[in-house]
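Q: Quick one: the structure is below, and I'll ask about it shortly.
What follows draws every value from the coordinates through simple rules; no lab data is involved. Quick caveat: nothing in here was measured; it's all calculated off a predicted structure. Here the Cβ positions follow ideal geometry from the backbone for every residue, glycine too, while neighbour counts run over all protein chains shown.
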Amino acid sequence: MSQDARNPSGAPDRSSPDGHHGPSRRALLGWGGSGLALGAVAAGGAVAAVRSEGATAPVGPSGAEVPFHGPHQAGIATAVQDRLHFAAFDVTTQDRARLAALLQEWTRAAELMTAGHPVGEGAYGGLPEAPPDDTGEALGLKPSRLTLTIGFGPSLFAKGRFGLEDRRPEALVELPKFPGDNLDASRSGGDLCVQACADDPQVAVHAIRNLARIGMGRTAIRWSQLGFGKTSSTTPEEQTPRNMMGFKDGTRNVSGTDAAALKKHVWVGERDGSGWMSAGSYLVARRIRMHIETWDRAPLQEQEDIFGRDKGEGAPVGKAKERDEPFLKAMLPSAHVRLAHPDTNDGATILRRGYSFTDGTDGLGRLDAGLFFLAYQRDVRTGFIPVQRSLAAHDALNEYIQHVGSAVFAVPPGVRDKDDWWGRALFS
């Protein structure tokens, strides 16, 4: 099939006359009987994500809905939600057209779920001989400010895979090994990632579960992480949340309402190299294990000296209020706030969007807990890398933490309308 402006990837055009993508489950059965339809579902084909000719009823009111369409993806500058389900995927197909088709199907499903609708024909009422299009655990729940944000890892651009090697942005670099890293390969990397944030954990889990189901046969989850209790704020009026060490985390974060700061530090500019990434961003994800039991035995003064803030108010050393301008030289040279501050790193600034996690206990009865750190920036080389080099070399907090998982992704611009899809410009 020849390429065209609507489907530049060369993937088969599954659009129906009314603008919905893909045939209905009943149409498939009509073409080839129940065996064909069930086979398509099992293979994770387009039928798993399509919307039927009849519009489905919304799961709940749209009062807590975050708009899906726009120049930037939601879930970056969006006010941070309470819950996270983050998943990194390996692409298992070697077919570029199938990958492009998957991204289109995921986009259509994301449009529905972020609006509080079930995927496709829903979780019930369809053909008894076929699995439902939607897994159903979000039925009756509000949209809960669900956002879905996708990213592309460096491995997606590897030579000989999808013909994308010449389209890899210069800023999408592999992270160097930092002192103290103890990275687990099974918790690192990935061809694709999806960040699902919501105020209801079941809504976030439902979204990732449905996307994984749609991708069956073309993708497989490489690793995932649940998070709770947001550890950074992107809106100045919100109370700054606390991390698992009990300290306020994100006081001086880039505000999602500060358009000038976002343009300077977060959004990729038109002149930054790769045209398809314009209005996108770059994401670094790090799983940081906290040695909670050791930290809990540290004296209060030592804890405050390590962070450079007091534990109650969150004020910088020598100041009275949390948002007072810090006097860095009043802090110890090894204080976390001092070493992470832009003034210490030639102005390097990132938008932090982290979540706490607890994943049970290890074999010694210690909590497997910490911070799932998410950082968005215009360029990883001038954002996360210099800041982490400073912290890895000198931060007193390193005695109590260890980076055990790591990944970096190019986050494309937003989906502008119903004809657009995640990463469309990459395949054009």
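Q: What does the extension gain come out to for MET216 and GLN239, with contour length at 0.36 nm per residue minus their alpha carbon separation?
A: Gain in length upon complete extension: 4.2 nm.
Q: For the charge dipole of the chain, defined by +1 on Lys and Arg C-beta atoms and -1 on Asp and Glu C-beta atoms about the Cα centroid, which residue among TRP276, CYS197, THR149 has the Cα displaced farthest towards the positive pole?
A: The listed residue farthest towards the positive side: TRP276.
Q: Within 10 Å of each residue's Cβ, count the other Cβ atoms and sort LYS230, LYS418, LYS329 from fewest upward.
A: With the fewest neighbours first, LYS230, LYS418, LYS329 line up as LYS329, LYS418, LYS230.
Q: Would you work out the relative contact order for the chain, in percent, from Cα pairs under 8 angstrom that are 6 or more residues apart?
A: 21 percent
Q: Under a crude label model (7 Å from the Cα following the beta-carbon direction), how far is GLN94 from GLN202 in nanometres?
A: Going from the GLN94 label point to the GLN202 one covers 4.3 nm.
Q: Which lysines, if any, have their Cα less than 16 Å from the Cα of LYS321, not counting same-chain residues under 8 positions apart?
A: Partners found: LYS248, LYS311.
Q: Using r as the Cβ-Cβ distance of THR294 and ASP419, and R0 as 51 Å, what FRET efficiency do you calculate, to the nearest 0.05?
A: 0.40
Q: Within the stretch 105-214, which trypsin sites (Lys or Arg not before Pro) sit in a loop by DSSP and count at most 14 neighbouring Cβ atoms inside 10 Å?
A: Passing both the DSSP loop test and the Cβ count: LYS159, LYS177.
Q: Can you give the helix-only mean residue ellipticity at 222 nm for the chain, where every DSSP H stretch with n ≥ 4 adds -39500 (n - 2.57) and the sum goes over all residues, rounded to the nearest 500 deg cm²/dmol?
A: Calculated mean residue ellipticity at 222 nm is -6000 deg cm²/dmol.
Q: So which residue, out of ASP90, ASP181, ASP134, gets the largest mean-square fluctuation from a GNM of the chain using Cα contacts under 10 Å as springs?
A: ASP181
Q: Could you compute the FRET efficiency for SER186 and GLN402, with r as their C-beta to C-beta distance and R0 at 25 Å, rounded to 0.05?
A: Efficiency at R0 = 25 Å is approximately 0.95.
Q: Among THR358, ALA348, ALA320, which residue has its Cα furthest toward the positive end of the charge dipole of the stretch 292-383, with +1 on Lys/Arg Cβ and -1 on Asp/Glu Cβ?
A: ALA348
Q: Can I ask one more? Find, among the trypsin sites (Lys or Arg not before Pro) in the stretch 279-325, those assigned to loop by DSSP (not H, G, I, E, B) with at most 16 other beta-carbon atoms within 10 angstrom.
A: Qualifying residues, ordered by number: ARG297, LYS311, LYS321, ARG323.
Q: What's the extension gain from GLU137 to HIS69 if we count 0.36 nm per residue and subtract their Cα-Cα distance?
A: Separation in residues times 0.36 nm, less the Cα-Cα distance, equals 22.0 nm.
Q: Still on this structure, I have one more. Just to confirm the number: angle between the C-alpha axis of helix 384-394 and the first principal axis of the chain, 0 to 90 degrees, nearest 10?
A: 40 degrees
Q: Could you compute the longest span of the chain free of GluC sites (Glu not before Pro) located in DSSP loops and having at most 14 other Cβ atoms within 10 Å, not counting the site residues?
A: Formally, the longest exposed-site-free interval is 314-428.
Q: Measuring from label point to label point, each 7 Å out along Cα→Cβ, what is the ALA393 to THR358 span in nm?
A: 3.7 nm
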